[in-house]
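Student: Once you've had a glance at the structure underneath, I'll fire off some questions.
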Amino acid sequence: MFSAAGCTGIGPNATYYMGTTSFNYDPTYSDYMLKLNGQEIGGGFGGAMSTNSIKTGTQVITWKDAKTGEPHSAKNQVIITKEQLKGMKYLAAHLYPDDTVEVTTSNNWPNPTEKGLRWQERIRKNGAE
């Protein structure tokens, strides 16, 4: 899959077009309708990719539990800077079991984070809390 990465605009409101995906590290439920500032992005633990417009600044990240429809939102403040986006092709949202979110960017297909893999392993060993 190829991504159409690019930037339009100058200054603090620049918009970047990038391939987007997400990783949910909580094995107790599947997420759906993951949105970054109201736009649905790819999912499937990095297996599905969308192309989205990404703006710098504070991000609103929401998603739902696929079984119950229970809404979730990032408990932490997620800020994306132009330095994170400049020259990058992909953006991944990493959903952790405590409902905090980390955003990573890369030029290659995104990978899970070490933090997320540690969460998964801990939950597998100890069960869901």
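The values are calculated or read from the model by the stated rules, or taken from the named source; none is laboratory data. Quick caveat: nothing in here was measured; it's all calculated off a predicted structure. Please note: Cβ atoms are built from the backbone with ideal geometry, for glycine as well, and neighbour counts cover all protein chains shown.
Student: For region 88-129, which residues satisfy the criterion of being at pLDDT below 95 and of a type in the set (Gly, Ala, Ser)?
Tutor: GLY127, ALA128 - these are the residues of region 88-129 that are at pLDDT below 95 and of a type in the set (Gly, Ala, Ser).
Student: Search region 73-112 for residues being in a loop (DSSP other than H, G, I, E, B) and in contact with a helix residue (DSSP H, G or I) (Cβ under 9 Å, 6 or more places away or on another chain), and hand back the single one that is surrounded by the most Cβ atoms within 10 Å (Cβ to Cβ).
Tutor: Residue satisfying both the conditions and the ranking: TYR96.
Student: Still on this structure: Restricting the first residue to region 20-31 and requiring it to be closer than 14 Å to ILE123 by Cβ, which pairs with a second residue that is acidic (Asp, Glu) and in a strand (DSSP E or B) meet a Cβ separation below 6 Å and a spacing of at least six or different chains?
Tutor: ASN24/ASP31; TYR29/ASP65
Student: Also, quick follow-up: Got a number for residues in region 113-129 being surrounded by fewer than 16 Cβ atoms within 10 Å (Cβ to Cβ), in a loop (DSSP other than H, G, I, E, B) and touching a residue at least 40 places away in the same chain (Cβ under 8 Å)?
Tutor: So the answer is 1.
Student: Among the residues of region 53-86, write down those that are touching a residue at least 24 places away in the same chain (Cβ under 8 Å) and of a type in the set (Gly, Ala, Ser).
Tutor: SER53, GLY57, ALA66, SER73, ALA74
Student: Can you pull out every residue in region 43-52 that is under 12 Å from the mean Cα position of the chain (by Cα) and in contact (Cβ under 8 Å) with a residue 40 or more places away in the chain?
Tutor: Across region 43-52, the qualifying residues are PHE45, GLY46, MET49.
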